[in-house]
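Below you'll find the structure, written out as structure tokens, and then a few comments.
The values are calculated or read from the model by the stated rules, or taken from the named source; none is laboratory data. These numbers come from a predicted model, not from an experiment. Note that we place each Cβ from the backbone using ideal geometry, even for glycine, and neighbour counts take in every protein chain shown. Areas reflect the complete protein model, heavy atoms only, side chains present, ligands, DNA and RNA absent. Shrake-Rupley method; radii C 1.70, N 1.55, O 1.52, S 1.80 Å.
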Amino acid sequence: VWTITGYTGSAVVQWPSTSALASGSGGTTITLPGSGHEGTGHVVYGGYLYYVSYNSNTIVKFDLKTKSTVASLTVPNAGYHNTYYYQWGGYSDIDLAVDENGLWVLYATSTNGGKMVISRIDESSFSITKTWNTTSAVKNTIGNAFMICGVMYATDSYYNSAATINYAYDTNTSTGRSLSIAFSNPYNYNSQISYNPNDGKLYCRDNQRLQTYALTIY
């Protein structure tokens, strides 16, 4: 289990288990190179940490075993450093995601009117293989977003206890649709939502509380 505290910095803590994380003991700190990370949209996938480099639209591939940078990838035209952030701010312009189909990046561009853009990343070549311009609301009005089975889901608020998942975009069919699925933010400051395909849960950070939500996927 890995945690990164704050939306800027250089420290990543590696925990041997969820119980170790809960007790706050047994963690090992890894220091990222250079200026560190930006935002809260980083993921661990296949032994690598993928994170957004500070004040840039560049994604870094970092080997957690060797503690070294493997490669970097610039996301074309992606807004960054609080240009197209989620509602709460925090340099959350570029959001990485993992699902059953692999690695994705969610962001917004001026050419798509500030609406959500989805790009599929091939982790082997570390390159963007396909991009979808969605019909979502403007990213600055979205609470957060995540991917499941090639579908992006977006919430309408990061702070409302009556928040909903109100939009989905299916990359398999290149179509978007409105939804109304209850998604509570019980502590009123949800700054991160990520799906873990290994256990089928959403991992969230809501006002300094780490939470998981079990899902039923049809």
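Couple of notes before you dig in:
- The spacing between segment 1-25 and segment 110-151, judged by their C-alpha centroids, is 27 Å.
- Ordering 181-189, 66-74 by mean Cβ neighbour count within 10 Å, with the highest value first, yields 181-189, 66-74.
- Segment 167-218 versus segment 56-101: alpha-carbon centroid distance in Å: 19 Å
- Accessible surface for segment 167-218, divided over its residues, is 61 Å² per residue with a 1.4 Å probe.
- Close amide H partners of Leu103, meaning residues 5 or more places away or on another chain with modelled amide H under 5 Å apart, are Ile121, Glu123.
- The 3J(HN,Hα) values that the Karplus relation (6.51, -1.76, 1.60; θ = phi - 60°) gives for segment 204-214 are, in residue order, 10, 10, 10, 6, 6, 9, 8, 9, 10, 10, 6 Hz. Gly and Pro appear as x.
- For Gly36, residues with placed amide H under 5 Å, excluding near neighbours: Tyr54
- Computed label-point distance, nm, for sites Trp2 and Thr74 using a 7 Å Cα→Cβ extension: 2.4 nm
- Per-residue HN-Hα couplings for segment 189-197 [Karplus 6.51, -1.76, 1.60; θ = phi - 60°; Hz; x = Gly/Pro]: 7, 8, 9, 6, 9, 9, 8, 10, x
- Relative contact order, whole percent, for the chain stands at 11, derived from Cα pairs under 8 Å and 6 or more residues apart.
- Nearest-20 debye value, segment 82-218 charge dipole, Cβ charges on Lys, Arg, Asp, Glu: 240 debye
- Under the Karplus curve 6.51 cos²θ - 1.76 cosθ + 1.60, θ = phi - 60°, whole-Hz ³J(HN,Hα) for segment 66-82, x wherever Gly or Pro sits: 8, 6, 9, 6, 9, 6, 9, 9, 8, 8, x, 6, 5, x, 8, 6, 6
- Heavy-atom surface analysis with a 1.4 Å probe gives the chain a carbon and sulfur content of 47 percent of its accessible area.
- Solvent-accessible heavy-atom area per residue, rounded to whole Å², over segment 47-105 at 1.4 Å: 37 Å²
- Ranking Trp104, Trp2 by solvent-accessible area of protein heavy atoms (1.4 Å probe, all protein chains present), from largest to smallest, gives Trp2, Trp104.
- Restricting attention to segment 26-176, the count of lysine pairs at 8 or more positions apart or across chains with alpha carbons under 22 Å apart stands at 4.
- Whether segment 1-117 is rounded, prolate or oblate, judged on the alpha carbon gyration tensor where a/c under 1.5 counts as rounded: prolate
- Amide proton proximity set for Ile30, modelled H, under 5 Å, gap of 5+: Val12, Val13, Gln14
- Selection from Thr171, Trp15, Tyr213 lying farthest towards where the dipole of the chain points positive, charges on Cβ: Trp15
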